[in-house]
Amino acid sequence: MPIQSFEGKIAFITGGASGIGLGISKVLVERGAQVVLADLRQDHIDHALAEFAGGGRSNAVSALQLDVTNREQYREAAKKMLDEFGGIDILVNNAGVGLEGPLLEATYADYDFGFGVNVGGVINGFTEFLPQMVAHGRGGHIVSTASLAAEVVMPPQMAIYAASKAAVCHFCESAKGELAQHDIGVSILLPGPVKSNIHETIDNRPAHLREGSGFTASEKKLARRIVGDNWMEPVDVGHLVADGILNNTTYLVTHGMYKDAMRARAQAVLDATPDRMEVVDSFGNYRDEE
């Protein structure tokens, strides 16, 4: 059945050792879950485990290093979860990169990096974990982190990021109906400004995708970004996500800052949509659908 309590549940959280992922991890542990932090950065893992050390439920947290774009690594991680826990109950596809740079300077290395992590990481999570979540019959829940950038028209330097996050959103929307037949809920996290390390993009880019990148200067500048004091705390996002899991809420939105822009985009699509229900026949002619 869908998740009704976190007690005894196994949660696997990618990008789980910092920022939003760590905030979600802290809340799920607090509410009774056993949490596995999966993260690319060993330094982030070490720091996160140190935060949990000595706490009342420090034994409810473990970690492993994972590059979500590496399918062999991901397969091994999923097998480890099956062997150690009998499969997971909650998957949080949170790992992502905040890619941005001049669109006309973008290269394949930039597209491959942005889509590889933001979309590929989600696809790999679904592909490796869904079979065991269906097979164990306990139901469960999948949360995937998109972005409010997926729901508005972003400036051109954010095109790769926005498009990759939009793909996550649309994929999860489509998957929800079928997974409900297996008592697996689906939620999409759409965050605005949250205190995180997503600006450390250049440190998370693999060497083979640094070579030839057109975004090097932009990523160096981004790495110096100062996180605003008024940005949301990751633990507050964690509570939003935890409540969303229990209620099987589809859209988990942190901020209302883009509401007018979201409405304007949706209205522009509606305004461009004809009222007549027309279809094209095999000869290329329009006819009213009966």
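Computed from the coordinates by the stated procedures, all read-outs in this text should not be read as laboratory data. Every value quoted in this text rests on a predicted model; they were computed, and no experiment measured them. Note that we place each Cβ from the backbone using ideal geometry, even for glycine, and neighbour counts take in every protein chain shown.
Tell me the Rg and the Dmax, in Å, that the Cα atoms of the chain produce.
20.0, 72
Once the cut-off is 24 Å, how many percent of the Cα-Cα pairs in segment 129-239 end up in the long-distance tail?
42 percent
Among 46-54, 166-174, 187-195, how do they line up by average Cβ neighbours within 10 Å per residue, starting with the highest?
187-195, 166-174, 46-54
Can you tell me which of TYR251, TYR161, TYR108 moves the most in a GNM of the chain? Springs connect C-alpha atoms under 10 Å apart.
TYR108
Under the rule of at least 5 residues apart or a separate chain, name every residue whose amide H is placed under 5 Å from the amide H of VAL253.
Long-range HN contacts for VAL253: LEU190.
For labels at THR127 and ALA207 in the simple 7 Å Cα→Cβ model, what's the distance in nm?
2.6 nm
Provide the per-residue ³J(HN,Hα) series for segment 258-274, in order, calculated from phi with Karplus coefficients 6.51, -1.76, 1.60 and θ = phi - 60°, each as a whole number of Hz, with x at glycine and proline positions.
My calculation for segment 258-274 gives 9, 4, 5, 5, 5, 5, 5, 5, 4, 5, 5, 5, 5, 5, 7, 8, x Hz in order.
Only Cα pairs within less than 10 Å get springs; with that Gaussian network setup on the chain, which residue of GLN181, GLN34, GLN65 has the largest fluctuation?
Evaluated over the chain, the most mobile residue of the options is GLN181.
Expressed in whole Å with the largest first, what are the equivalent ellipsoid semi-axes of segment 61-133 derived from the C-alpha gyration tensor as the square root of 5 times each eigenvalue?
29, 11, 10
Convert each backbone phi in segment 158-169 into a coupling constant with the Karplus relation 6.51 cos²θ - 1.76 cosθ + 1.60 (shift: θ = phi - 60°), then list the ³J(HN,Hα) values in order as whole Hz, x for Gly and Pro.
Calculated HN-Hα couplings, in order: 9, 4, 5, 4, 4, 5, 5, 6, 5, 4, 4, 4 Hz.
Scaled to the compact-protein estimate 2.2 N^0.38 Å, what is the alpha-carbon radius of gyration of segment 1-120, rounded to two decimal places?
Relative to the rule-of-thumb radius for its length, segment 1-120 sits at 1.15.
Give a residue-ordered list of calculated ³J(HN,Hα) values for segment 69-83 (Karplus: 6.51 cos²θ - 1.76 cosθ + 1.60, θ = phi - 60°; whole Hz; x for Gly, Pro).
Ordered by residue, 3J(HN,Hα) equals 8, 8, 5, 5, 4, 5, 4, 5, 5, 5, 5, 4, 5, 5, 5 Hz.
Going by average Cβ neighbours within 10 Å, how do the peptides 11-21, 72-82, 255-265, 240-250 rank, with the highest at the top?
My ranking of the peptides, most packed first, is 11-21, 240-250, 72-82, 255-265.
Per DSSP H run of n ≥ 4, the term is -39500 (n - 2.57); total these for the chain, divide by its residue number, and report the mean residue ellipticity at 222 nm rounded to 500 deg cm²/dmol.
Taken over the chain, the calculation gives -14000 deg cm²/dmol.
What are the semi-axes of the equivalent ellipsoid for segment 31-101, taken as the square roots of 5 times the Cα gyration tensor eigenvalues, largest first, in whole Å?
Ellipsoid half-lengths, sorted descending, are 21, 18, 11 Å.
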